[in-house]
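K.L.:
My structure is below; once you've seen it, I'll send some questions.
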Amino acid sequence: MGLNKSTSYRLLSTLVEAGFVYQDPKSRLYGLGSMSFELGGLFLSRIDVHNASRGRIEELSQITKETVHLAILDQNEILFLNKINSPTSTAINTRVGLRVPGHITGLGKVLLAFQNQTRMEESMLTKGVTGKNKEALLQDLTLTRKRGYAIDNEGYQEGVTCIAVPIWDYTRTITAAISISGPSFRMNKDLNWLVMKTLEVGQQISVEMGY
């Protein structure tokens, strides 16, 4: 890079302190540190989940005849990354790029359920969820964590029920979630089968993500 040794040393020392560079104590040689790996992993996981899930969620929509979403948790909100519309005429009020509070959707509940307590509390505080509403949401998140999926029964849109499941990556971290949404009368009629199919696809995507 054309830098002298003293300048290079100061820059490397700063990067070592921040965790972006590692210095071997014996050889004194430098290499990439854990923070570089962590940032790269976060970037790749968000990009890869979109690619890894595309064919799977299209197939899930075709099999169930319902709308399928892919979303991530970003700054305590749900960010929709992909949407496959139902082949029926049912309209779901979502779009790619839309942000909504996590606690009002099935996707948000399943993503929040597998966060640590501090992150869950932070999200609810940010969105003004307090008192009995907070207690009810915490109970819902606990149930979601135990059974491995979330159900939103007309909480986000009247007449629409949603089933959401987590997507895990190679670090055993929840990185995204997928859901199927449709008319409540139709979803509730075949709820167990729809849960099973959604979990199955979620597991397949997770395996492709290295889980």
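K.L.:
Once fully extended, how much extra length lies between Lys5 and Asp74, figured as 0.36 nm per residue of separation less the alpha-carbon to alpha-carbon distance?
P.N.:
Stretched fully, the Lys5-Asp74 segment lengthens by 20.8 nm.
K.L.:
In nm, give the distance between the simple-model label positions of Ser34 and Thr90, each being 7 Å from the Cα along the Cα-to-Cβ direction.
P.N.:
Taking the simple label geometry, Ser34 and Thr90 are separated by 4.5 nm.
K.L.:
Can you tell me how segment 126-211 classifies by the Cα gyration tensor, rounded, prolate or oblate, using a/c under 1.5 as the rounded cut?
P.N.:
Oblate.
K.L.:
Shifting gears a bit: Against the longest alpha carbon principal axis of the chain, how many degrees, from 0 to 90 and to the nearest 10, is the axis of helix 34-64 turned?
P.N.:
Between the helix axis and the principal axis of the chain, the angle is about 20 degrees.
K.L.:
OK, next. Residue-wise, which Karplus ³J(HN,Hα) couplings in Hz belong to segment 105-113, taking 6.51 cos²θ - 1.76 cosθ + 1.60, θ = phi - 60°, and x for glycine or proline?
P.N.:
Values per residue, Gly and Pro as x: 10, x, 4, x, 5, 6, 6, 6, 4 Hz.
K.L.:
Also, I was wondering about something else. What is the set of long-range amide H partners of Tyr22 at a cut-off below 5 Å, with H atoms built 1.01 Å from backbone N?
P.N.:
Gly31, Leu32, Gly33
K.L.:
Taking Cα pairs under 8 Å and at least six residues apart, what relative contact order does the chain come out at, in percent?
P.N.:
Relative contact order comes out at 18 percent.
K.L.:
I've got another one for you. Say R0 is 30 Å: what FRET efficiency, to the nearest 0.05, do Glu17 and Thr118 get from their beta-carbon distance?
P.N.:
After rounding, the FRET efficiency stands at 0.75.
K.L.:
Let me confirm the definition first: pairs of Lys residues in the chain, 8 or more apart or on different chains, C-alpha distance under 27 Å. How many are there?
P.N.:
Here the count comes out as 22.
K.L.:
Okay, moving on. Please work out how much length the chain gains when fully extended from Glu158 to Glu135, using 0.36 nm per residue of separation minus the C-alpha to C-alpha distance, in nm with one decimal.
P.N.:
In short, 6.0 nm is gained.
K.L.:
Between 0 and 90 degrees, rounded to the nearest ten: what's the tilt of helix 5-18 against the longest Cα principal axis of the chain?
P.N.:
Compared with the principal axis, the helix lies near 30 degrees.
K.L.:
Here are several values of Cα extents along the principal axes in Å: [x] 58, 50, 31; [y] 71, 42, 28; [z] 45, 39, 31. Which one was derived from the coordinates shown?
P.N.:
Label [y] holds the value from this structure.
Rule-based calculations on the coordinates, nothing more; no lab input. What you are looking at is a predicted structure, and each value in this text was computed from that prediction instead of being measured. Note: ideal-geometry Cβ built from the backbone for every residue, glycine included; neighbour counts use all protein chains shown.
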